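Chemist: Mind having a look at this structure? Questions to follow.
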Amino acid sequence: MIIVAMENDGNMLRTELPKPTDDLVDDLGSIGITEPLKSITLSKDSPYNTKLYSESVLGQAIIERLSERDSLAALNDLCYQLYKGFDDTFKAEIINESNARGIQDLRTLFGTDIPLDMNKFTIKAQLDYAPSQLFPSRCVVEKTVPIAHEDFMHLMNAPMKPNAVIKENIDKMFYDHSDDTEHCLLLIDMQTGDGILVQSEGNDFAKQAQYIPNARKLYDEFRQDHAKEVKFYCPLKVVWDMDYEDNEVYPEDAADYYDNIKQALAEDEMPEERDRGLMYWYRDQGDGIDDKVYSARMDVEVYEGELVGVITAKIVGELTDDENRTFKDYITGQLSDGAGEGFEQRPISTSGGDILVSFWNGDNDCWQLIHEDEFDGEFPEPDEDIDDNIIMGGM
């Protein structure tokens, strides 16, 4: 409606009213103007060399009736009052036929509502409109939360209603002025994979939101591209598939069957596990694990001539101490009772006969899962000191 041109320390600004107050403050701040909007007058003697323009008849009529004591804040409020409703020509005629001088007179002239044409049906409603220019924000996803399809559709249809998930994650959403970045929550529909990007600005509803089609696919591609590989080592128990007492295959001998075991692990992987391995079965508890650990797979490796078990994980960022313990607890459960239990019952053919391979040796007191940074080829005895990067069986 009205174009405002301002200058400060050689920096130029051109912005259009009406505009949300926060956006207008940001515009002024971009050229170093930090004083309150209500303190900035439209006087010709303004230190900011303020000039007003308009291509609409209504905007021109308003500009002609302004006084030098009017403020930028008051002008913005007036523009909000008048930019909806009857056509600009109708409102301009009301102004031009009046004796109004200054914004207060103009607001009094129209009262709280624009005069109604009694020959036409009139209803009050908030209409969304396409802005003349788009200014995409830089959005950083602080956390993703999968939600049921029903909850997703409820949020889509009623974004301004209080939402329990948004309330639980208010601290994840904020604006960082230092780098002009919105930090957001990404809610993903578990059925369709679509998402809603939310910046609640400290509220328990989606004050700012954007629908993101194929959000799950986009997020998973990001994690695949940015995840780093981290290994965790554990002892293996390898035995001949025969009914006699001394049937153990020692680690140095088991190394000869590395290729056979690798092939068996690949064949044992279920279709659902193709992308994320054991993490496909992880049930997100809001602990950050499902976000940071993209995948985890059972594997084997020959380390200094001996065969050892390996969990190869792809992790985005760094796990906290609590996340590290939670992840290892989950993997321990998978190796002892989940995928590992199923794999150890599968005979693997080798040149020397069938073998059975277990990632869990059955001894809760001496089974360990050790981070690659701590692994030196030896698994500590139960009475040795073990740091937080090692997890004991049964803990």
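The values are calculated or read from the model by the stated rules, or taken from the named source; none is laboratory data. Quick caveat, the model's predicted, so the values are computed rather than measured. Reconstructed Cβ throughout: ideal geometry from the backbone, glycine too, with neighbour counts over all protein chains shown.
Chemist: Might you let me know whether the stretch 174-189 holds any residue that is touching a residue at least 24 places away in the same chain (Cβ under 8 Å), among the aliphatic types (A, V, I, L, M) and not in a strand (DSSP E or B)?
Modeler: Within the stretch 174-189 (the criterion being touching a residue at least 24 places away in the same chain (Cβ under 8 Å), among the aliphatic types (A, V, I, L, M) and not in a strand (DSSP E or B)), the answer is no, since none of the residues qualifies.
Chemist: Mind counting the residues in the stretch 44-76 that are surrounded by 15 or more Cβ atoms within 10 Å (Cβ to Cβ) and either assigned to a loop (DSSP other than H, G, I, E, B) or free of Cβ contacts under 8 Å to residues at least 12 places away in the same chain (or both)?
Modeler: Of the residues in the stretch 44-76, 8 are surrounded by 15 or more Cβ atoms within 10 Å (Cβ to Cβ) and either assigned to a loop (DSSP other than H, G, I, E, B) or free of Cβ contacts under 8 Å to residues at least 12 places away in the same chain (or both).
Chemist: Against the condition touching a strand residue (DSSP E or B) at 6+ places or on another chain (Cβ under 9 Å), at negative phi and not hydrophobic (A, V, I, L, M, F, W, C), how does residue 54 come out, does it pass?
Modeler: So residue 54 fits the description; yes.
Chemist: State yes or no: is residue 105 at pLDDT below 85, assigned to a helix (DSSP H, G or I) and not hydrophobic (A, V, I, L, M, F, W, C)?
Modeler: Yes: the conditions hold for residue 105.
Chemist: Now for a separate question. Please work out if residue 289 is buried (at least 17 other Cβ atoms within 10 Å of the Cβ), of a type in the set (A, V, I, L, M, F, W, C), closer than 30 Å to residue 189 by Cα and within 19 Å of the chain's Cα centre (by Cα).
Modeler: When the stated conditions are applied, residue 289 passes them.
Chemist: Same structure, new question: Please work out which one of (1) at positive phi; (2) small (Gly, Ala, Ser); (3) surrounded by 20 or more Cβ atoms within 10 Å (Cβ to Cβ) is the condition residue 193 fails and give its number.
Modeler: Of the numbered conditions (1) at positive phi; (2) small (Gly, Ala, Ser); (3) surrounded by 20 or more Cβ atoms within 10 Å (Cβ to Cβ), the odd one out for residue 193 is (3).
Chemist: Which one of the conditions (1) within 28 Å of residue 208 (Cβ to Cβ); (2) touching a Gly at 6+ places or on another chain (Cβ under 8 Å); (3) among the aliphatic types (A, V, I, L, M) does residue 28 fail to meet, given that it meets all the rest?
Modeler: (2)
Chemist: Of everything in the stretch 298-353 that's closer than 17 Å to residue 252 by Cα and among the hydroxyl-bearing types (Ser, Thr, Tyr), which residue is surrounded by the fewest Cβ atoms within 10 Å (Cβ to Cβ)?
Modeler: 351
Chemist: Also, I was wondering about something else. In the stretch 222-235, is there at least one residue being surrounded by 16 or more Cβ atoms within 10 Å (Cβ to Cβ), touching a Leu at 6+ places or on another chain (Cβ under 7 Å) and closer than 30 Å to residue 350 by Cβ?
Modeler: Scanning the stretch 222-235, I find at least one residue that is surrounded by 16 or more Cβ atoms within 10 Å (Cβ to Cβ), touching a Leu at 6+ places or on another chain (Cβ under 7 Å) and closer than 30 Å to residue 350 by Cβ, so the answer is yes.
Chemist: Looking only at the stretch 158-189, filter to residues that are basic (Lys, Arg) and over 12 Å from the mean Cα position of the chain (by Cα); which one of those is modelled with the lowest pLDDT?
Modeler: 161
Chemist: Evaluate the stretch 286-299: report whether one residue or more is in the same structural domain as residue 262 (by the TED database), of a type in the set (D, E, K, R) and under 23 Å from residue 264 (Cα atoms).
Modeler: yes
Chemist: In the stretch 225-246, which residues are out of contact with any Phe, Trp or Tyr (no Cβ under 7 Å at 6 or more places or on another chain) and within 26 Å of residue 352 (Cα to Cα)?
Modeler: 237, 238, 239, 240, 241, 242, 243, 244, 245, 246
Chemist: When residues of the stretch 1-30 are filtered for being in a strand (DSSP E or B), touching a strand residue (DSSP E or B) at 6+ places or on another chain (Cβ under 8 Å) and either farther than 24 Å from residue 56 by Cα or among the basic types (Lys, Arg) (or both), how many remain?
Modeler: Counting residues in the stretch 1-30 that are in a strand (DSSP E or B), touching a strand residue (DSSP E or B) at 6+ places or on another chain (Cβ under 8 Å) and either farther than 24 Å from residue 56 by Cα or among the basic types (Lys, Arg) (or both) gives 1.
Chemist: Taking residue 92 as the residue in question, decide whether it is outside the structural domain of residue 207 (by the TED database), more than 44 Å from the chain's Cα centre (by Cα), crowded, with 18+ Cβ neighbours inside 10 Å and of a type in the set (A, V, I, L, M). Write out each step before concluding.
Modeler: Details: outside the structural domain of residue 207 (by the TED database): yes; more than 44 Å from the chain's Cα centre (by Cα): yes; crowded, with 18+ Cβ neighbours inside 10 Å: yes; of a type in the set (A, V, I, L, M): yes.
Spelling it out, residue 92 is indeed outside the structural domain of residue 207 (by the TED database), more than 44 Å from the chain's Cα centre (by Cα), crowded, with 18+ Cβ neighbours inside 10 Å and of a type in the set (A, V, I, L, M).
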